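Single-structure report; data block below.
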Amino acid sequence: MSAGSGLQQFRLRENQLFLVLSIVIGILAGLLAVLFTLGIERASRVMFGVTPSALRLFFVPSLVSVVTGILLVKVFHDARGSGVPQTVAAFRLNGGVISPRVPIGKFITGILCIGSGHSLGREGPSLQLGAGLASVVGQWLRLSPARVKELVPVGAAGALSAAFNTPVAAVIFALEEVIGDMNATLLGSTVVASVAAVVVERSILGNEPLFRVPAYQLVHPAELAGYALLGLVGGVISVVFCRLLLRLRTYFMSLPPRTRIWQPAMGGVAIGAILLLVPEVRGVGYPLVDQALNGGLVLRTMLLLGSVKLVATVVSYASGNAGGIFAPSLFIGAMTGGAIGLLVQSVAPFPTGAPGAYALVGMGALFAGIIRAPMTSVFMIFEITQDYQILVPLMVANLLSFAISRHYQPQPVYHALLQQDGVHLPFADPTGSGGGWTARDVMLAEPRFVGPNQTVEEAWRALQDDAAGGWLVGDREYLVGVISREQLEGAMDGGRALEAVSTLAVESPEHVHSDHPIEVVLERLASGEGVLPVVRRHDGRRVEGAITLADVTRFVGKGRRRPVAGD
Amino acid sequence: MLLSVLIALTVVVYGLTQAAASSNRDMHRADAVVRFQQGEEAQRLGDLDSAIAWFREAVADSPDDRGYRLTLAAALASGQLDDEAERVLLELRERLPEDPEVSLQLARIEARRFEGAGARRYYQNALASLWTSAQGDERRQVRVELIRFLLDQGERTRALSELLALTPEVAGDVDLQVQAGQLLLEAGDARLALDMFAPVVNDRPDAQEALAGAGEAAYRLREYADADRYLSGVSFPTELIADIRAVTDLILHADPLAPRLGAAERRRRLSMIVTQALHRSDECFAPPEAIRLPEVSLSPVVNVSAGADSEVWPGPESELASLWNASEQLLSGLATRSPQPRDGIEDGLELARKLEQVVTDVCGGAGEPLDQAIVQIAARHGLESE
């Protein structure tokens with residue numbers, strides 16, 4: 001046997017083993033998602049009883065959030081929020097390595113938060129549970145780093161498939177959102193895991209559909225105008241939701257660090273107050289979505305529930321509780337769609353479909369606008385309805401909602417949430433060309449730092465011999481900011497020579513990551529402070545290097561050959 | 001090795017999840033009982049919206065429970081939420097295709113929507129479903145409901161065929177026999193209806209509904225003596241039965257061609273009949289403010305026709321004039337001449353029938369009991385309307 005054929009056989013065996021492992025991971029992720037769902041149901045029942053009293057409605061989220069606040073801040077730091085952005089970051093920036101603490105923490109805090117009435121969904125946390133489980137298993141089996149990374153979307157797809165009972169949409173979501181590449185070679189493994197998970201889920205929970213959906217029918221071609229209106233409104237609501245969420249989160253993050261432990265409880269008190277007024281927005285809220293789909297809600301109720309759910313979700317999420325925005329976006333979409341369906345029905349001069357059909361399309365439109373996963377949205381609704389006829393109105397509404405949301409909120413919400421946490425995802429390279437110079441090629445790996453406590457005068461003297469236009473303030477582990485030559489000169493001339501440099505430093509400077517292309521480096525350098533820090537993607541304060549205009553000029557002057565594929 | 005451990009672990013987790021799911025199902029079932037009771041209580045208090053909300057929660061908690069779903073569907077249907085009710089039932093039907101109650105509720109929804117074909121299909125499905133032997137009465141009531149629906153839809157032929165299917169099943173059940181008889185009457189089969197009522201009357205001579213039904217059936221079959229016998233036993237007749245009884249009585253006691261009558265009695269009866277026919281025609285054709293008696297109105301026919309309001313004179317003038325003249329002559333003849341030959345009596349009866357016919361054609365309605373009796377008497381003696 002030649003060495004070549006031996007290697008080929010080894011690879012074949014490894015691929016087969018990986019396929020088996022994908023099935024096992026899919027089953028385990030599905031089981032974990034089912035356990036998570038069951039845990040939420042049980043917790044909710046235990047905490048609220050069959051018919052919750054006003055006291056319970058107020059105190060359960062308030063008091064439980066005190067406990068989850070302690071857990072989330074002291075023990076399980078990475079279990080806050082949805083889990084989707086954290087999974088994406090782990091896959092794209094950390095080689096798919098996820099600590100066992102993450103799924104354990106998400107399981108416990110997710111059950112407590114959602115079970116105690118926070119207006120959050122279980123799909124995002126389930127996805128993180130599945131991804132975390134897959135990563136932990138991969139590490140435990142001592143697979144190669146590449147294989148560990150590949151297991152993350154496999155576990156994510158399996159868990160999502162079981163949590164939402166839509167195996168195809170789960171695969172698409174894993175490709176679209178986690179991997180960020182619809183042409184990924186991992187398609188086979190994710191499909192296998194997704195199918196295995198949904199089979200296991202149905203064998204345990206039965207074939208009962210998540211929603212009872214109305215038979216869809218486009219009654220009149222002009223009805224597409226109604227769906228277009230739904231797409232427009234859905235887009236606007238998506239933007240409002242994302243902006244409110246990000247702003248309130250920014251506010252909570254701006255509070256003193258000592259308050260972080262109490263922030264989930266602040267959200268809990270607010271949710272308790274909301275539940276006293278509108279108890280229907282408690283938890284995931286799928287029974288009400290089902291009612292909207294079946295024409296069981298009047299216009300006023302849908303408008304009220306949609307608005308309150310939006311506010312409640314923003315509060316629950318921004319205050320740092322554990323839970324996702326997947327289900328709330330569907331809830332708000334169903335209410336929006338149902339309300340628009342009723343309006344169209346009452347004013348349209350042509351026959352229209354039932355409002356339930358609009359509610360269904362509204363779910364997709366809001367999902368496309370908020371989550372920014374339009375393909376997942378289409379497949380998800382299609383899987384729920386199993387009706388081809390809904391595709392055209394769904395795509396019309398989705399497209400408009402997605403376009404409006406992208407125009408007014410250019411950064412997808414998951415990416416924006418990560419950025420708030422100081423994690424910067426790499427640019428997607430849709431052309432796949434790559435291969436050009438990057439910041440890593442240009443940067444000075446050992447940049448000069450100015451101590452934040454140095455006075456302006458001390459810094460000025462120390463930097464007399466340095467021709468750079470600006471310097472980094474802080475050290476390699478923690479970047480305080482940057483300061484430009486003009487700022488130092490101005491401070492010396494202005495009689496502020498004895499002030500600390502940190503008081504002058506720009507705290508949120510323009511920066512790049514080491515994989516940014518040279519074009520981005522030049523663009524940011526032009527609008528920066530004379531120096532561009534190169535920071536790590538999953539920690540925006542850790543410095544990898546720095547770039548000044550002189551570094552770029554020197555680099556180009558050396559006549560470097562542009563790297564080509566294979567270099 | 002590690003993979004084997006992982007697979008073993010998966011099996012263990014599967015078992016644990018199954019146990020947890022089973023425990024949750026028990027919890028939900030217990031909750032469903034409470035919520036269903038809350039729904040029933042709300043329904044009892046007339047709060048249909050709350051009842052529906054509770055029933056929905058009960059169904060969500062225990063989706064496999066047939067009773068909860070049926071109750072929810074019924075409540076939804078009561079609240080005009082037919083679409084959702086239909087979906088609830090269709091889901092149940094997928095699981096229990098042979099459940100007659102599901103098909104029956106679906107049929108009722110379709111019937112409310114005036115979807116005749118759909119309703120018929122679901123009713124037939126309900127009838128063809130699996131019924132236990134103890135549910136015989138319910139099954140028969142479903143057929144009765146279907147027959148009523150078909151009659152309401154004007155589908156008499158289909159209703160009759162269902163009635164024929166029902167007939168063998170009614171023996172021994174007096175109420176159902178009476179019900180079937182009434183439906184047969186509605187469907188237009190008086191003979192079968194009488195066959196249904198007669199045994200009941202024989203067994204229970206005071207059965208009011210059966211007596212009324214039998215009387216009506218006999219009347220329609222022109223078996224007036226029997227009709228009179230049955231109807232005379234009805235203590236509290238409805239308006240219809242009272243009318244039929246009055247007409248029957250007149251048929252039996254105003255027929256100038258009845259056997260074993262003296263000539264004077266025949267003339268008296270004929271005179272009464274012709275006078276009534278003239279009276280009805282005068283009421284029909286005279287201006288409302290000047291209703292006149294026949295003897296006054298006979299000659300001035302032309303005056304009426306030439307009067308100011310020609311619109312009240314729409315009929316065939318010459319035919320009516322000749323009928324009036326003939327009637328006048330007949331009445332004056334009856335007043336002066338002694339016994340009429342039988343042919344003369346028949347001609348007089350035919351004259352009265354024709355007058356009634358013209359009036360019915362022009363003014364509509366059936367007239368007074370005697371007018372109806374004239375038509376029936378004429379028909380009884382082969383003088384059918386054209």
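The values are calculated or read from the model by the stated rules, or taken from the named source; none is laboratory data. What you see is a predicted model, and the numbers here were worked out from it, not measured in a lab. Cβ placement follows ideal geometry from the backbone for every residue including glycine, while neighbour counts extend to all protein chains displayed. Ligands, DNA and RNA are stripped out before the accessible areas are found, and what is left, the full protein with its side chains, is counted by its heavy atoms. Shrake-Rupley method; radii C 1.70, N 1.55, O 1.52, S 1.80 Å.
If you scan region A:182-204, which residues turn out to be in a loop (DSSP other than H, G, I, E, B) and touching a residue at least 60 places away in the same chain (Cβ under 8 Å)?
Of region A:182-204, the ones in a loop (DSSP other than H, G, I, E, B) are A:182-186.
Across region A:182-204, the qualifying residue is only A:Met182.
Which condition number does A:Pro351 fail, the rest of (1) more than 14 Å from chain B (Cβ to nearest Cβ); (2) assigned to a helix (DSSP H, G or I) being met?
(2)
Give me a count of the residues in region A:297-320 that are within 14 Å of chain B (Cβ to nearest Cβ) and either at pLDDT 95 or above or buried (at least 24 other Cβ atoms within 10 Å of the Cβ) (or both). Break it down into steps so the answer makes sense when it comes.
Step one: list which residues in region A:297-320 are within 14 Å of chain B (Cβ to nearest Cβ), which gives A:297-298, A:300-301, A:305.
This time we only want the ones that are either at pLDDT 95 or above or buried (at least 24 other Cβ atoms within 10 Å of the Cβ) (or both), so: A:297, A:305.
Counting residues in region A:297-320 that are within 14 Å of chain B (Cβ to nearest Cβ) and either at pLDDT 95 or above or buried (at least 24 other Cβ atoms within 10 Å of the Cβ) (or both) gives 2.
Which one of these does B:Leu320 not meet: (1) at pLDDT below 80; (2) open to solvent by 20 Å² or more (accessible area, probe 1.4 Å); (3) part of a helix (DSSP H, G or I); (4) not polar (S, T, N, Q)?
The number of the failed condition is (2).
Suppose we filter region B:68-88 for residues that are touching a residue at least 12 places away in the same chain (Cβ under 8 Å) and either facing another protein chain (nearest Cβ under 9 Å) or open to solvent by 10 Å² or more (accessible area, probe 1.4 Å) (or both); how many remain? Walk me through how you get there before you give the answer.
First, the residues of region B:68-88 that are touching a residue at least 12 places away in the same chain (Cβ under 8 Å): B:68-79, B:81-82, B:85-86, B:88.
Pick out the ones that are also either facing another protein chain (nearest Cβ under 9 Å) or open to solvent by 10 Å² or more (accessible area, probe 1.4 Å) (or both) and you get B:68, B:70-71, B:74, B:76-79, B:81-82, B:86, B:88.
So the answer is 12.
Against the condition within 32 Å of the chain's Cα centre (by Cα), at the interface with chain A (Cβ under 8 Å from one of its Cβ atoms), closer than 23 Å to B:Asn125 by Cα and surrounded by 14 or more Cβ atoms within 10 Å (Cβ to Cβ), how does B:Glu91 come out, does it pass? Break it down into steps so the answer makes sense when it comes.
Numbers: within 32 Å of the chain's Cα centre (by Cα): no; at the interface with chain A (Cβ under 8 Å from one of its Cβ atoms): yes; closer than 23 Å to B:Asn125 by Cα: yes; surrounded by 14 or more Cβ atoms within 10 Å (Cβ to Cβ): yes.
Answer is no for this residue.
Take the residues in region A:241-260 that are among the basic types (Lys, Arg) and open to solvent by 90 Å² or more (accessible area, probe 1.4 Å); name whichever of them is nearest to A:Ser65 (Cα to Cα). Break it down stepwise before answering.
So in region A:241-260, the residues among the basic types (Lys, Arg) come out as A:243, A:247, A:249, A:258, A:260.
Going one step further and asking which of them are open to solvent by 90 Å² or more (accessible area, probe 1.4 Å), we end up with A:243, A:247, A:258, A:260.
Working: A:Arg243: 24, A:Arg247: 21, A:Arg258: 16, A:Arg260: 12 Å.
Checking each candidate, the answer is A:Arg260.
Residue under question is A:Ser319, and the condition is that it be over 17 Å from the mean Cα position of the chain (by Cα) and under 25 Å from A:Val84 (Cβ atoms); does it hold? Write out each step before concluding.
Values: over 17 Å from the mean Cα position of the chain (by Cα): no; under 25 Å from A:Val84 (Cβ atoms): yes.
No, not satisfied.
Looking at this structure, is A:Leu151 closer than 17 Å to A:Ser377 by Cβ and open to solvent by less than 10 Å² (accessible area, probe 1.4 Å)? Reasoning before the result, please.
Working: closer than 17 Å to A:Ser377 by Cβ: no; open to solvent by less than 10 Å² (accessible area, probe 1.4 Å): yes.
It is false that A:Leu151 is closer than 17 Å to A:Ser377 by Cβ and open to solvent by less than 10 Å² (accessible area, probe 1.4 Å).
At pLDDT below 85, open to solvent by 80 Å² or more (accessible area, probe 1.4 Å) and out of contact with any Cys (no Cβ under 7 Å at 6 or more places or on another chain), is that true of B:Arg260? Full working, then the answer.
On the way: at pLDDT below 85: yes; open to solvent by 80 Å² or more (accessible area, probe 1.4 Å): yes; out of contact with any Cys (no Cβ under 7 Å at 6 or more places or on another chain): yes.
It is true that B:Arg260 is at pLDDT below 85, open to solvent by 80 Å² or more (accessible area, probe 1.4 Å) and out of contact with any Cys (no Cβ under 7 Å at 6 or more places or on another chain).
Here is a yes/no grid of residues against (1) away from every other protein chain (no Cβ under 14 Å); (2) acidic (Asp, Glu); (3) farther than 30 Å from B:Asp26 by Cβ:
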residue	(1), (2), (3)
A:Ala197	no, no, no
A:Glu201	no, yes, no
A:Arg247	yes, no, yes
A:Thr250	yes, no, yes
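Which residue pairs have Cβ atoms under 6 Å apart, sit 6 or more places apart or on different chains, and have a first residue in region A:289-306 that is in a loop (DSSP other than H, G, I, E, B) and a second that is among the polar types (S, T, N, Q)?
A:Leu297/A:Gln291
State which residue pairs qualify: first residue within 12 Å of chain A (Cβ to nearest Cβ) and inside region B:37-52, second residue open to solvent by 60 Å² or more (accessible area, probe 1.4 Å) and of a type in the set (Val, Ile, Thr) in any location, beta carbons under 9 Å apart, and separation of 6 or more residues or different chains.
B:Gln38/A:Thr51
Looking at B:Arg222, B:Arg229, B:Arg267, which is the one that is of a type outside the set (Phe, Trp, Tyr), more than 31 Å from the chain's Cα centre (by Cα) and either crowded, with 21+ Cβ neighbours inside 10 Å or assigned by TED's automatic domain parsing to the domain that holds B:Val174 (or both)?
Details: B:Arg222 fails: more than 31 Å from the chain's Cα centre (by Cα); B:Arg229 fails: more than 31 Å from the chain's Cα centre (by Cα).
Of B:Arg222, B:Arg229, B:Arg267, the one residue that is of a type outside the set (Phe, Trp, Tyr), more than 31 Å from the chain's Cα centre (by Cα) and either crowded, with 21+ Cβ neighbours inside 10 Å or assigned by TED's automatic domain parsing to the domain that holds B:Val174 (or both) is B:Arg267.
Is it true that A:Ile404 is in a helix (DSSP H, G or I), modelled with pLDDT under 90 and buried (at least 16 other Cβ atoms within 10 Å of the Cβ)? I'd like the intermediate steps shown before the answer.
Values: in a helix (DSSP H, G or I): yes; modelled with pLDDT under 90: no; buried (at least 16 other Cβ atoms within 10 Å of the Cβ): yes.
It is false that A:Ile404 is in a helix (DSSP H, G or I), modelled with pLDDT under 90 and buried (at least 16 other Cβ atoms within 10 Å of the Cβ).
Can you tell me which residues in region B:333-364 are open to solvent by 20 Å² or more (accessible area, probe 1.4 Å), basic (Lys, Arg) and modelled with pLDDT of 75 or more?
Passing the criteria: only B:Lys354.
Does region A:160-172 contain any residue that is under 22 Å from the mean Cα position of the chain (by Cα), in a loop (DSSP other than H, G, I, E, B) and without any contact (Cβ under 8 Å) to a residue 12 or more places away in the chain?
Checked against the condition, which is being under 22 Å from the mean Cα position of the chain (by Cα), in a loop (DSSP other than H, G, I, E, B) and without any contact (Cβ under 8 Å) to a residue 12 or more places away in the chain, region A:160-172 yields no hits at all.
Do we find that B:Leu106 is more than 11 Å from chain A (Cβ to nearest Cβ) and either touching a Leu at 6+ places or on another chain (Cβ under 7 Å) or open to solvent by 30 Å² or more (accessible area, probe 1.4 Å) (or both) in this structure? Can you show your working first?
Numbers: more than 11 Å from chain A (Cβ to nearest Cβ): yes; either touching a Leu at 6+ places or on another chain (Cβ under 7 Å) or open to solvent by 30 Å² or more (accessible area, probe 1.4 Å) (or both): yes.
Spelling it out, B:Leu106 is indeed more than 11 Å from chain A (Cβ to nearest Cβ) and either touching a Leu at 6+ places or on another chain (Cβ under 7 Å) or open to solvent by 30 Å² or more (accessible area, probe 1.4 Å) (or both).
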